[in-house]
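The values are calculated or read from the model by the stated rules, or taken from the named source; none is laboratory data. No experiment lies behind these values; they were computed from the predicted model shown. Note that each Cβ is placed from the backbone with ideal geometry, even for glycine, and that neighbours are counted across all protein chains shown. When the accessible area is computed, the model is the full protein with side chains, heavy atoms only, and any ligands, DNA or RNA have been set aside. Shrake-Rupley method; radii C 1.70, N 1.55, O 1.52, S 1.80 Å.
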Amino acid sequence: MSTYIFQTPPRIIFGNGAVAQVGRETARLGSRALIVTGKSSSTRTGSLEAVTASLNEAGVHPVLFAEVESDPSIQTVEAGAALARENQCDVIVGLGGGSPLDAAKGIVLLLTHPGDIRDYTSQPADGPGMPLISIPTTAGTASEITRFTVITDTEQKIKMSLQGTALIPSVALLDPQLTVTMPQHVTAATGMDALTHAIEAYISKLATPMSDLHALEAIRLIGANLIKAVDSPDNMAAREAMLRGQMHAGLAFSNASVALVHSMSRPLGALFGIAHGQANAMLLPVVMDFNRSAAADRYRHIAEALGENVQELSARDAAKTTVLSVEELFEETGLEQHLSAYGVQEKDIARLAKDAMESASTAFNPRKADLESVAAIYHSLL
Ligand SMILES: [Fe+2]
């Protein structure tokens, strides 16, 4: 067996009410905390108040940066870093969906590494970072677990995927109660994102025995609970299972990477503003179909984790069942199924395909993709 490394945040705290521990956890790491969050949802849902109260109680001085838009830009990250410097913050607290948590990582990068954030598209942001506590309020991106962040270069219209050990949070604080307020379509889209992480990590060329454990557990949990969480927002057992599922998916893909679905969804976000989970959800069944022949054995395991009985089937039929199972799950979420609904036209496909081929995760796809095959997949979704 070849050597592999498996990295996780040093501290993962999971459970209902866990958000109340943020003050104590932050006080261990610093005394002046920059809270990085979105423009309104954490205020509306009360999660920001809960975090601020806990910080105050622990004697930590909070500085609020509630400016993060969805798909955070370089400018937003620079503004957050400037505020942290001005206020001499020594710890960062990210609170919200994937966007605020990714912005918090971008801020850590700027505060601890020299040069421009764009420099880190071609080199990892390794070495020491700074204390970062991440608290998700959606169940999907697992940014609180991973070594990745996605920051948008609005001038070039590119979503930059940056990675490195400095971006792994010091503490991941996962509280299922914070996810209950997610709107139905956000539950659906972020849940499909998490399923994509798990499936892509499982079939990735970088998969290891350790990432496989997490990927299969994630597929099992998400497969059994996604529709329950979408249909019954107050179902706490389903919410808890989804948050756990996306955490295991994060542990898997942070180490084994994602693959072609993510390569193809990034340009859809950067050029057409399609939400990350929605874009992945549309792409997942068709890209899985493309990969069928290259990962047949693994597809059988995925089908079993989704509760399908494929024991008696040939490898070919089992793989087809796997794709159908994921397709049905996607349809049940009620998410949009066509790119044309977002204004994507035939003439846009060449640029989309070019950008997807330039994405680093394309290299980890089990089946070699080229411009033509990627363009054909986009075409099938118009
Ligand atoms: Fe993702």
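Within the range 105-116, is even one residue of a type in the set (Asp, Glu) and modelled with pLDDT of 95 or more? No, every residue in the range 105-116 fails to be of a type in the set (Asp, Glu) and modelled with pLDDT of 95 or more. Based on what the data block shows, is Ala218 within 16 Å of the ligand (Cβ to nearest atom), of a type outside the set (S, T, N, Q) and at pLDDT 95 or above? Criteria met by Ala218. Under the condition of being part of a helix (DSSP H, G or I), of a type in the set (S, T, N, Q) and out of contact with any Leu (no Cβ under 8 Å at 6 or more places or on another chain), the residues counted in the range 293-330 number 1.
A single entry from Met247, Met242, Met264 fulfils the requirement of being away from the ligand (no atom under 14 Å from the Cβ) and either over 16 Å from Gln278 (Cα atoms) or within 16 Å of the chain's Cα centre (by Cα) (or both): Met242.
Can you pull out the residues in the range 331-380 that are in a loop (DSSP other than H, G, I, E, B), among the polar types (S, T, N, Q) and under 26 Å from Tyr202 (Cα atoms)? Scanning the range 331-380 gives Gln337, Ser359, Asn365. Can you work out which of the residues in the range 267-301 that are within 20 Å of Pro136 (Cα to Cα) and open to solvent by 20 Å² or more (accessible area, probe 1.4 Å) is farthest from the ligand (Cβ to nearest atom)? Among those that are within 20 Å of Pro136 (Cα to Cα) and open to solvent by 20 Å² or more (accessible area, probe 1.4 Å), it is Ala275.
Each residue in the range 118-143 was checked for being part of a helix (DSSP H, G or I) and either farther than 26 Å from Leu352 by Cα or of a type in the set (D, E, K, R) (or both), and 2 of them qualify.
Residue-by-condition table, conditions (1) within 16 Å of the ligand (Cβ to nearest atom); (2) out of contact with any Pro (no Cβ under 7 Å at 6 or more places or on another chain); (3) on the phi < 0 side of the Ramachandran plot; (4) aromatic (Phe, Trp, Tyr):
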| position | (1), (2), (3), (4) |
| --- | --- |
| Thr165 | no, yes, yes, no |
| Val171 | no, no, yes, no |
| Leu174 | no, no, yes, no |
| Gln177 | no, yes, yes, no |
| Ala188 | yes, yes, yes, no |
| Gly191 | yes, yes, yes, no |
| Ala194 | yes, yes, yes, no |
| Ile199 | yes, yes, yes, no |
| Ser204 | yes, yes, yes, no |
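Highlighted here are the strands (runs of 3 or more DSSP E) found entirely within the range 144-240 that include at least 2 residues which are in contact with a Leu (Cβ under 7 Å, 6 or more places away or on another chain) and crowded, with 21+ Cβ neighbours inside 10 Å: 148-153.
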